[in-house]
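The structure appears below as structure tokens.
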Amino acid sequence: MTTAYFSHPDCRGHDMGAGHPECPQRLDAIEDHLLATGLDIALTRRDAPLARHHDLTLAHSEGYLLELDEFLQQAVETGEHTAIDQDTNVCPGTRQAMLRAAGAAVAATDAVIDGEAINAFCAIRPPGHHATRSQAMGFCFYNNVSIAARHALDVRGLERVAIVDFDVHHGNGTEDIVAGDERILMVSFFQDQIYPFSGGVPMGENMVNLPIPAYTRGGEIRDLIRSQWLPRLEEFRPQMIFISAGFDAHREDELGQLGLVEADYAWITQQLVDVAARHCGGRIVSCLEGGYSLSSLARSVAAHLRVLAGV
């Protein structure tokens, strides 16, 4: 079995305008680097299906989904960008991209549980970890990882799953959805005192939040992971691990001020692969979140994938 790689051309159809950091070129940079390095041959490519309505309700309220559908329809009818907030807007191609992103996360979960792949990476956009149960924000609309985790629990019958978030920004949406759900352990680190200015006080006992001061480098973050994340993951013994894989904590990324490099992402991934090997038969589904410096994004995703694929 190999690492499944889920993506779809529709994910490039979501475009929030010239100069916006969450742009279609992010996926192009990843694809180009995989081809240039030959890493693509180690992956099993799969087209992301469209998420179904009942998938979305695993993490979002019916009222929110209805409101968002109306907003998206307005963009289709006008053919123009429509702003949800100052950072987040939709265009005519946004709906298909959102459904492919959430659909990839669900399909990857099924593929791994069914033994079609040992693990999976979803090269998708828009990202999801800021989307709360009832609000779109921070470039995010559907919370892809939360949908996938709840699918593993509520549809596929697993009893315990872990969510790991190493984006530079706090996954406030994921925390809003899963806090207090004893079937889910969420561990994360994020830069303190930046958007969305949350996470300092965990919302539930199933949360391990590590706010990190600006300019912290990889060695210090590795120490925190050893002392804070890994013991909780070992105690929890997840049956599957989901990763919100944001690569904007890289030292070259201008949306944050942390100091990670590719070797740090490879190390973090190896720790999670080791936990998965001990407790859940290697089962991991990783979903792209942030990462806005195109070169460092592509290199970091490649470092992550090399460890997942064991090459």
message = If you roll a 1.4 angstrom probe over the protein chains with everything in place, what fraction of the accessible area of the chain belongs to carbon and sulfur, to the nearest %?
response = 49 percent
ask   = Label ALA179 and GLN228 with points 7 Å out from Cα along Cα→Cβ: what is the distance between them in nm?
value = 1.6 nm
request  = Show me 103-111, 255-263, 217-225, 278-286 ranked by packing, highest mean number of other Cβ atoms within 10 Å first.
outcome  = 103-111, 278-286, 255-263, 217-225
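How far, in nm, would the chain grow between SER295 and ASP274 when pulled straight, counting 0.36 nm per residue and subtracting the alpha carbon separation?
Working: separation 21, 0.36 × 21 = 7.56 nm, distance 2.77 nm.
Between SER295 and ASP274, full extension yields an extra 4.8 nm.
I'd like the Kirkwood hydrodynamic radius of the range 70-219, using the inverse of the mean 1/r over distinct C-alpha pairs, in Å.
Here the Kirkwood hydrodynamic radius works out to 16.4 Å.
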ask   = So how far apart, in nm, are the two label points at GLU235 and GLU62 if each is 7 Å from Cα heading toward Cβ?
value = 3.9 nm
ask   = Which net charge results when you count Lys and Arg as +1 and Asp and Glu as -1 among the other residues whose beta-carbon is under 15 Å from that of ARG12?
value = -3
key: Per residue, in Å², the accessible surface of the range 191-297 once ligands and nucleic acids are set aside, probe 1.4 Å   = 42 Å²
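Counting only other residues whose beta carbon sits under 15 Å from that of GLU252, what net charge do I get with K and R as +1, D and E as -1?
Values: positive: ARG26, ARG217, ARG251, ARG299; negative: ASP248, ASP253, GLU254, GLU262, ASP264.
Around GLU252, the charge tally is -1.
Tell me, what is the FRET efficiency for ASP154 and ALA36 to the nearest 0.05, using R0 = 35 angstrom and their Cβ-Cβ distance as r? Walk me through the numbers on the way to the answer.
Values: r = 40 Å, r/R0 = 1.15.
FRET efficiency, ASP154 to ALA36: 0.30.
Using Cα pairs under 8 angstrom and six or more residues apart, how large is the relative contact order of the range 107-199, in percent?
On the way: 137 pairs, mean separation 22.3, N = 93.
Taking the mean separation of contacting Cα pairs over the length of the range 107-199, I get 24 percent.
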message = Relative contact order for the chain: what percent, with Cα pairs under 8 Å and sequence separation of 6 or more?
response = 20 percent
message = Cβ neighbours within 10 Å, averaged per peptide: list 8-17, 240-249, 152-161, 35-44 in order, most packed at the top.
response = 240-249, 8-17, 152-161, 35-44
ask   = Among 292-300, 86-94, what's the highest-first ranking by average C-beta atoms within 10 angstrom per residue?
value = 292-300, 86-94
Loop-located trypsin sites (Lys or Arg not before Pro) in the range 59-140 whose Cβ has at most 16 other Cβ within 10 Å (DSSP) = ARG133
query = Rounded to the nearest 0.05, what FRET efficiency do ASP114 and ASP28 have when you use their Cβ-Cβ distance and R0 = 35 Å?
reply = 0.70
inquiry  = Between the range 1-74 and the range 253-311, what is the separation of their alpha carbon centroids in Å?
reply    = 18 Å
query = At ARG251 and GLN74, where each label point lies 7 Å from the Cα along Cα→Cβ, what is the point-to-point distance in nanometres?
reply = 4.5 nm
ask   = Rounded to the nearest 0.05, what FRET efficiency do ALA83 and MET203 have when you use their Cβ-Cβ distance and R0 = 25 Å?
value = 0.35
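The values are calculated or read from the model by the stated rules, or taken from the named source; none is laboratory data. This one's a predicted model, so the numbers in the text were calculated from it and none came from an experiment. All Cβ positions, glycine included, derive from the backbone under ideal geometry; neighbour counts span all protein chains shown. Just the protein is used for accessible areas: all its heavy atoms, side chains included, with ligands, DNA and RNA removed. Shrake-Rupley method; radii C 1.70, N 1.55, O 1.52, S 1.80 Å.
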